Each structure stands twice: as C-alpha cells, then as structure tokens.
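Since every read-out is calculated from the coordinates, none of them should be taken as a lab result. Predicted, not measured: the structure shown is a model, and the values here were computed from it. Cβ coordinates were reconstructed from backbone atoms using ideal geometry, including for glycine residues, and neighbour counts include every protein chain displayed.
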Amino acid sequence: MKKVITVCPYCGSGCKINLLVKDNKVVGAEAANGVTNQGELCLKGYYGWDFLNDTKLLTPRLKRPMIRRQKGGELEAVSWDEAIEFASSRLKAIKEKYGPDSIMLTGSSRGTGNESNYVAQKFARAVIGTNNIDCCARVCHGPSVAGLMQTLGNGAMSNSIVEIEDTKCILVFGYNAADSHPIVARRLIKAKEKGAKIIVCDPRYIETARLADLFLPLKNGSNMALVNAFANVLISENLYKQDFVARYAEGFEEYKAMVAKYTPEYTAEITGLDPQLVRDAIRMYAAAPSATILWGMGVTQWGQAVDVVKGLSSLATITGNLARPNVGVGPVRGQNNVQGACDMGALPNTLPGYYYVTDAAAREKFAKAWGVPSIPAEKGYGLTDVPHKIAEGKLKANYIFGEDPLQTEPDLGMVRREFEKLELIIVQDIFMTKTAMIADVIFPATSWGEHENVFSSADRGFQRCYKAIDPPADFDVKDDWEIHSMMARAMGYPMQYNNAQEIWDELRGLCDLYTGATWDKMADLGYVQWPCPTEDHPGTPWLYEGNKFDTPSGKAQLFAAEWRAPLEKVDADYPLGLCTVREVGHYSCRSMTGNCSALQTLADEPGFVQIHPEDAKTYGVKDQALVWVSSRRGKVITRANLNDRVNKGAVYMTYQWWIGACNELTVDHLDPVSKTPEYKFSAVKVEAIADQKWAETHVQNEYGKMKADMRKAAQA
Amino acid sequence: MNRFVIAEASKCIGCRTCEIACAVAHPVGSGAQALSPQTFSPRLTVVRSGSVTAPILCRHCDDAPCARACPNNAISQTGDSVQIDQSRCIGCKTCVVACPYGAMTVVSVPAQAQPGSFLTSLRPRAEARKCDLCVGRAEGPACIPACPTKALHLIDQETMAATLRRRQEQAVQNLAASVTL
C-alpha cells in the first residue's frame, strides 16, 4: 500500500489528503497535515474518492470518445483520431463561417487543475481567437472577483484561512461555512475559543449563528441596505479610522453621501432588523483590534452582488481592517479550483495572472509567447450570456469542459431550449452528465487522482496534487490539456506538452503574480500563496503590505450604492421566496459525490425543500412528505424538511438534484456587472401531494429512468 | 465507571462525518463502499434541535435502563461499558423505549446463511444497535478522530477526574471572588 499526496477535489479549503493506493486502486483516504486543514478532513475528504472506481451509483464514467453524427442521432464510440477530426473540422467550419466569437468555451473549476485551465484559455485565445471563455466563478464568486479587483486590486481573499482563528472579530455575511467549508467552519470555532466576537448576518439560523455573539436575521434580498446601514453608523458615530481613510482610500465624500440616508432606522423595514441590533453589530466590528469579513453565495448570488461586495470591502477599508495579519475581506471560494480557473484566465475579461484583455502590453506579451499575431482585445461572453447569445444567433458552438450547465444554470428549461439551437456541443468530462447527454462530441478525460496538477485554494494558495493511479485498463481517456492540445494541432496550431510541469513553467513565466511558485516549492505539503513574484519569495499570506493597494492609484476605492430589491416579487400565486443553498455531503452537479457510496447514502433524490413549520402548516405540508414546488418557469417534486431554523416566507433547496432540480425554478436575472444569477430569490409555491404512494413511485421511476438512460448512452 | 463518548455541542457543525465513520467502523460489507441507504445505521445520530446541534449516542449508563428493560438479558455490563449480545436480541424494542437519550435503535438485518444450513429460513433478523465504543478496534472509537472540529471526546475515569478537578478549581475561584459574609 502506498500513500499519495493530493488536495481534496471538493471545496476551496485546500485540504491535503493522503490517498491510500493498493494495486492501482484507491482504497482509502487519510487526512494529511496541510496548511489549511492541519490533519483534519470533512466527510467529503474522507469518503469522497470511490467515484474513481466507476461505481455507477449515479452515472457512469466516460471511457472512450463518442460522437453523434447527426442531430437527434445516437452517440457512437469512436477512436480518438476520429473524434478529434470530427470535432475540429466542425469547429473550424463554424469559425470560418460565423467568426471566432461564435464559439464559446469553458474552463473547469473542478478536479482538472490549473494547467488544463491555462491550456483551455490558450486554446480559446490563440487557436480559436476569442475571449469567449468563462468558468463557474460566473455563477458563484464572480461578483467578489469583479468587486474586489476594483476596490482593492485583487479578486481574492486578502488574508489566509489560517489567520481566521486569530482575528478578534468575524463578520460572517451570507456564508454558511458548516455546509460549504467544514474545514473553515473549524477555524471559526477556534476563533471563538480564542475569544473572538462573532457576528452572523443570514436569514437562516445557520450553524455559525449558534456561535454568534450577535445574530442578524436579515430579510432575503436586503444585503445592500444592511451594508449601507453599517457604513452609516460607522460614519455618523465616528467609528471609522479617519487617518487610514485619508491616507489610503479614495471616494470617501461620495461614499458618505450615498450612505447618509441609510440609517438603521431607515433600513429597518427593508432588512427587518431592530436598529439597535444593527448598531450593536457594527460597533462590535469597529471596536475589535482586528476584524475579518467572510462572505459566500449569500452575498454574490443576487442581482445586486458586485455592489454589496464593494460595500463590504469599504467597511473593511474605513475601519482599517486591511493590509495586516488577521484582518481583511474573505470571499471563501466554493469549488475546489474556482480560484485557480480565475487565476489561469478562464474568464472573458482577464488573461492568466489577471491581466485585462484590454491591456495592450499584456496582449502583446501573451501573443508573442503563444506565437500568434494578436489576441482579441474585447471582453468575451460570460457563462450566463450563453443562452441569450444563442437566442440572438451569435453563438453557434459551445466547448464545455468539466461543467454541467444543464444542471447548474438558472432557468434550465430556457437553457435547454437555447442549447438545442447550437450547431456543435463538445463536452469534455469524466462522467456522463445531463449536458453530455445532448453533446455532439464527448471527450473522456482522466480524473483527479489519475493525473498530476496544481490547484489554487480559496486563499490564493497553490498546491500540488500527485497522480495516485492510472485510469482503469479498459478506459481510453486522456489528460484534459492533452485533449485541448490535440484539438489545437488538428486546427493547425502547434501545441504540445509532455507533462503538467511544462505547462506550469510556461504560465508562471508569463504571470508576474506566480513567477516564483516553482514546482519544487509546491512539493509534498508545500503551499505557495500568490503574489509570489520571484523564486526566493515565500509567497504572500496577506495582501497590501504598507497599505499599498493594487488599484491604478494605489489607494482603496470606497463604494456604496442604492439598495435594489430582488427582481421577482412574491404574490398570491407564488407566495414564497426560493433561495438555493448547499448540501454538506454533495458537490457541484454531484457527478462525483453522487457516485460515492457514503455520500449518496447520506443524501439522495429528490432532495429537500427546507420550510418553516408555520408555512408548512399553511400549505398543508408534512415533514418528509413529497411536495410540488413550482415557479413561473417550472415544477419539480422534492421532499419537505420542516425546519424552524429557516425564516418564514422563504424556502431553501440545494441545486445538485436531478428530480428535485431547483434550477428548473430559478430566475435568470443577473447582476449587471458580474452577470451572476439571482439564485437566492425566485417566487415559488409549495403544494402538498395527497397520494404519497404515487409520488414515491413517481420519484423512483423518474430517477431510475434517468440513470438507465445515462448508462445506456455511456455504454454505446 | 463506564466509559462513554460525548459531544461538545458548541463545536459541532452538523456535518455528519461521525455518522459515516461509525457506519464504516461497523461494516455490513466491505467498508464505505458497501454503504447504502438500506444498510446505513450509524450508532450515533446528529440531531439538530432549536439552537443545538450534536450527535446523540449511548452514555453507557452505570445502571443502564436498557439492560434492566431487556427481557432476554441481551444487554449487559461488560468490562467498563454496556454491550449487546446480538444472539440474544429478539427485536422487542423495549430498550429503545427505555433509553432516555434515544440512543438505541432496533434494525432489521438480512440473515446470513450459515455454512451447511442452507435449508434454514433466511428471514431477516433484528439487532439492537447503539454505540459499542468500537470494542475490538485498536485505535478506539472511530468517530472521535474523524470529527473535523474535534467535538467528540472519550470520557473515562481519568478524564472525568480531570474535568471534575477543573470544575472544582473554577468553583473555588468564583467563591473567592463573590462570597463575603
């Protein structure tokens, strides 16, 4: 038995794991002593590896390339040569006919790694000639990246996960660490034990609320009003650091004017919070010698998200909680490598290393390195633009890499209708998914565990995953970067790499932020946080030393905006606000965790809708009964979870279920800047089902049929 | 004094890692891979109620109501714990009702065919289940190291004495500060 070091492929905590390998099979996982996890793992880390053995509990691994010769035809297994020829000739024809911007591509924020994201965006920019590449940051922390790049200069956590336990006050805003990042939740507990004050702003009584000194159960959709009220109190009670603001920040007068009317009394009706509680909370934050703000999807998955991120950043700025240890702003990234996909430029507006595509000097540097005359200067499409650009006739092909948009995007009915119009869909993945089921080409890739790579954790930490096993002998799969390289060569661009390290060395040579993060420094348990500009640099646990911000002026930008209500309104027909949330044992579209015995045992179809017992009584719903949940866009069946920790008037569902698919219900309303969907508020109704026996059978039949269809398609 | 595992509720985040660790330590088949909703019966249960979240499990009571209640003497004091002799369990569930913690469950398990006895009926049989402190597992209870927030603790004579001592010292400090006559 050998032990192989890797990084957990599930959340952004960056936990190091020792995979136990026997006869080319993973047989167990042990916690390794990584920087962020300190020898601890959660259930996904300990029990989330058996999908590697193709358990087929949910959906089978993709074993060989497949093509669909005609729309509406069956998938057919073919050789790699034939699949590449089929895909590249069609992609080339579409590029010639409609232009490079008629093609959309994705990076993958999941188990594949930084090298393959770098190669995927290089394929988009240098081979196709478009900036139309994006990753699922769009639907998660996109607003944090966009907002913080503007206010402070870096779209990432300013400080480290390890520092959380040594801060003296934590303002937790729309962030459920216990379900999203158990290993970060652990730091919150340690902070509390070390005497930190904890303030929780969340409509639900989440686990962290149990630790909280102050709990602010704000109304769903009132974030901006509360953040403005916090700023209002800081300024009107003179609790902010005037000297810090004067020397290191800009825009104070406009900021002050904007928040002037947002007194806690004025916002009480919007937020539903007692003004005294709001004052007490922000006084507590301001009084702490060091304070940290952590936020999650409760801030970012709104039509008004970038504004709130900038508002939170401004709270940290005016109280001087930046540019030193144990303070800062912490957008804790959800997917294991969503930070990495962003770092690698799998974004429509930035190249690897966060050079804007509008920066001519950067474009020239990359064009020269990649041996192409130029790189497109215009920002490309985001993931959530895709259905709309198809509708407008602008997008004709979609090369989807390690994502399952037909499960994860809002308003799935609309997404399916638009995707049907595409001339070419290429899916590169490890599992048969809902999206792969409609693909014209399927490229099967090696999984996490079957290749080596670097991930970026939520706090900008680069870590290496070693290869634990070869893919099973009957699998004809390739590393993601090799597939993109084969496609590039077939399209006439010379792209050839021998291993992940070659790619890593190419990219760190091009990105000043990463230059010093050598392969060797990341060996074993090595942890290198960017910026790491030179090889003798140890990496940067906390940003903005010397109060120098990475904005054009070098100063932090203050910002507030008028509060905007969520788009959809509840009414007599749809009286409840649906908010989509996380399930601790499952990850992303669940193709991986759903194939792990222990994890799928804990939670399986059709998932749950969490509802307050009083609302349940109103709608005649019993605990654990199957119910219909519907919105103006769709109707799904799921199981009621009566839960007095959720607020009245709102219901909560998790997004990974096929039957209880909450994204059939969600509204496609986007933040104007980051284009992140308002997953946190859609008007719905909940209806009891009289014939529970029929309902149980219906769920089993539907689920069984979906699984059987996928199995059949994968084995074609 | 009987040993027992207890959770510090202030540290529990409700992630249920302990439940899986427990189920894996008491395998029906071969470890985590054999788990399924049908076979999943961990001997501790994470309970969320009002403002508290914590796993609930057997306290190994020194005068155990379950043992007193069992009509077939299947539950007994064994060493420094309370253990169940499954061969004597008749599945009557009296112990489930008797336990003030709700730490006992009775589950139906598929009968295993005995070698040479293929003619005997393969009716499922009942088993009373609760925390057995992972007796026979060299590293001790599996739930304790698995917990990512270290909320679970094994209490034995020594740790109990240390806890008592700590409390008493705290009490004497409080006394010094607050009581003057």
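Normalised by the residues of segment A:1-121, what does the relative contact order come to in percent, with Cα pairs under 8 Å and at least six apart? Don't skip to the answer; put the middle values down first.
On the way: 142 pairs, mean separation 17.1, N = 121.
RCO, segment A:1-121: 14 percent.
In segment A:480-573, one over the average inverse separation of all distinct C-alpha pairs is 17.8 Å, which is the Kirkwood hydrodynamic radius. Each Cα pair under 8 Å and six or more residues apart adds its sequence gap; the mean of these over the residue count of chain A is a relative contact order of 21 percent.
The relative contact order of chain B comes to 27 percent, based on Cα pairs under 8 Å that sit 6 or more residues apart.
Taking 7 Å steps out from each Cα toward its Cβ at B:ASN72 and A:THR551 produces label points 7.4 nm apart.
Label zone of A:ARG324 (point 7 Å out along Cα→Cβ, amide N under 17 Å): in segment A:282-305 this covers A:285-293.
Taking the number of Cβ atoms within 10 Å of each Cβ as an exposure proxy, the fewest-first ranking of A:THR515, A:THR151, A:THR130, A:THR317 is A:THR515, A:THR130, A:THR151, A:THR317.
Could you tell me what percent of the DSSP beta bridges with both partners in chain A are antiparallel, to the nearest 5? Numbers along the way, then the final one.
Values: 42 of 85 bridges.
Taking every DSSP beta bridge within chain A, about 50 percent pair in antiparallel fashion.
If you wrap the tightest convex hull around every Cα atom of segment A:132-220 and split its volume per residue, you get 122 Å³. Rounded, prolate or oblate for segment A:361-458? Axes are the square roots of the Cα gyration tensor eigenvalues, ordered a ≥ b ≥ c, and the cut-off for rounded is a/c under 1.5. Oblate shape, in that a/c is at least 1.5 and b/c is the bigger or equal ratio.
Working note: 222 nm ellipticity from helices only, DSSP H runs with n ≥ 4, each -39,500 (n - 2.57), summed and divided by the residues of chain B, gives -7000 deg cm²/dmol to the nearest 500.
Shown here: segment A:247-322, whose C-alpha atoms stretch 36, 28, 26 Å along the first, second and third principal axes, sorted largest to smallest.
Once backbone amide H atoms are built at 1.01 Å from N, A:THR319 has A:LYS241 as its partners under 5 Å, excluding neighbours fewer than 5 places away on the same chain. Taking 7 Å steps out from each Cα toward its Cβ at A:ASN33 and B:THR163 produces label points 2.9 nm apart. Peptide B:34-44 shows a mean partner chain C-beta count of 3 within 10 Å per residue C-beta. Between the helical axis of B:157-178 and the longest alpha-carbon principal axis of chain B there is an angle of about 30 degrees.
Between the beta carbons of A:ASP81 and A:ASP474, assuming R0 = 22 Å, the FRET efficiency works out to 0.70 to the nearest 0.05. For A:ALA683, the residues whose amide H sits under 5 Å from its own are A:LEU578, ignoring neighbours fewer than 5 places away on the same chain, with H placed 1.01 Å from N.
Over all orientations, segment A:44-96 has a Cα convex hull whose mean projected area works out to 5.9 square nanometres. Against the empirical 2.2 N^0.38 Å (N residues), segment A:105-167 has a Cα radius of gyration ratio of 1.38.
Take the residue pairs A:LYS379/A:LYS675; A:LYS622/B:LYS130; A:LYS569/A:LYS635; A:LYS219/A:LYS680 and return only those whose Cα atoms are more than 22 Å apart. Where the Cα-Cα span goes over 22 Å, the pairs concerned are A:LYS622/B:LYS130. Dipole magnitude for segment A:59-109: computed about the Cα centre from +1 point charges on Lys and Arg Cβ and -1 point charges on Asp and Glu Cβ, it is near 140 debye. Of all the options B:LEU35, B:LEU57, B:LEU133, the one that moves most in a Gaussian network model of chain B with Cα springs shorter than 10 angstrom is B:LEU35.
Please give the FRET efficiency for A:LYS712 paired with B:VAL109, using the beta carbon to beta carbon distance and R0 = 41 Å, rounded to the nearest 0.05. It would help to have the intermediate numbers written out before the result.
Values: r = 34 Å, r/R0 = 0.83.
For R0 = 41 Å, the calculated efficiency reads 0.75.
Averaged over peptide A:636-648, the number of partner chain Cβ atoms lying within 10 Å of each residue's Cβ comes to 1. Taking 16 Å as the cut-off, the amide N atoms of segment A:476-498 that come nearer than this to a point 7 Å along the Cα-to-beta-carbon line of A:ASN24 belong to A:476-479.
Mind checking the full-extension length gain between A:TYR466 and A:GLU392? Use 0.36 nm per residue of separation minus the Cα-Cα distance, one decimal, nm. Let's see the in-between values first.
On the way: separation 74, 0.36 × 74 = 26.64 nm, distance 4.40 nm.
Result: 22.2 nm gained on full extension.
As an exercise, find the ratio Rg/Rh for segment A:564-716 from alpha-carbon atoms, using the Kirkwood inverse-distance average for Rh. It would help to have the intermediate numbers written out before the result.
Values: Rg = 15.9 Å, Rh = 16.2 Å.
Here the Rg-to-Rh quotient is 0.98.
Our coupling estimate for segment A:155-172, obtained by passing each phi through the Karplus curve with A = 6.51, B = -1.76, C = 1.60 and θ = phi - 60°, is x, 7, 4, 6, 10, 9, 4, 5, 7, 4, 6, 10, 7, 9, 8, 10, 9, 9 Hz, Gly and Pro reported as x. Each residue of segment A:509-526 is assigned a 3J(HN,Hα), and the resulting list reads x, 9, 10, 4, 5, 10, 3, x, 7, 6, 3, 5, 4, 8, 4, 6, 9, x Hz, derived from the Karplus form 6.51 cos²θ - 1.76 cosθ + 1.60 (θ = phi - 60°), x at Gly and Pro. A P(r) calculated from all alpha carbon pairs of segment A:220-259, with 10 Å bins opening at zero, reads 28, 54, 17, 2 percent. Between A:VAL372 and A:ASP505, what's the calculated FRET efficiency when r is the beta-carbon distance and R0 is 22 Å? Round to 0.05. Computed FRET efficiency for A:VAL372 and A:ASP505: 0.65.
Using only Cα atoms, what Kirkwood radius does segment A:492-639 have, in angstroms? Walk me through the numbers on the way to the answer.
Numbers: mean 1/r = 0.0459 Å⁻¹.
Here the Kirkwood hydrodynamic radius works out to 21.8 Å.
An oblate overall shape is assigned to the protein assembly as shown, the ratio a/c of its alpha-carbon gyration tensor axes (a ≥ b ≥ c) being 1.5 or greater and a/b not exceeding b/c.
Using Cβ point charges alone (K and R +1, D and E -1), the dipole size of segment A:557-708 about the Cα centre works out to roughly 160 debye.
Pairs of Lys residues in segment A:9-85 that lie 8 or more places apart, or on two chains, and have C-alpha atoms under 30 angstrom apart add up to 14. The string of couplings for segment A:237-253 from the Karplus curve (6.51, -1.76, 1.60, θ = phi - 60°) is 9, 6, 9, 9, 8, 4, 5, 4, 4, 5, 8, 10, 10, 9, x, 5, 4 Hz, one whole number per residue in order, with x for Gly and Pro. Taking amide hydrogens as placed 1.01 Å from N in the peptide plane, the amide H of A:TYR399 sits under 5 Å from those of A:MET104, A:LEU105, A:THR106, A:ILE426, each at least 5 positions away in sequence or on another chain.
Mind checking B:46-57 for the average number of partner chain beta-carbons within 10 Å of each residue's beta-carbon? It would help to have the intermediate numbers written out before the result.
Numbers: counts 0, 0, 6, 2, 4, 6, 1, 4, 0, 0, 0, 0.
The per-residue average across the peptide is 2.
Only Cα sites of chain B enter the Debye sum here, all with the same form factor; the resulting log10 I(q)/I(0) across q = 0.13, 0.14 1/Å is -0.76, -0.86, listed in q order.
With an a/c value of 1.5 or above and a/b not larger than b/c for the gyration tensor axes a ≥ b ≥ c computed over the alpha-carbon atoms, segment A:1-150 is described as oblate.
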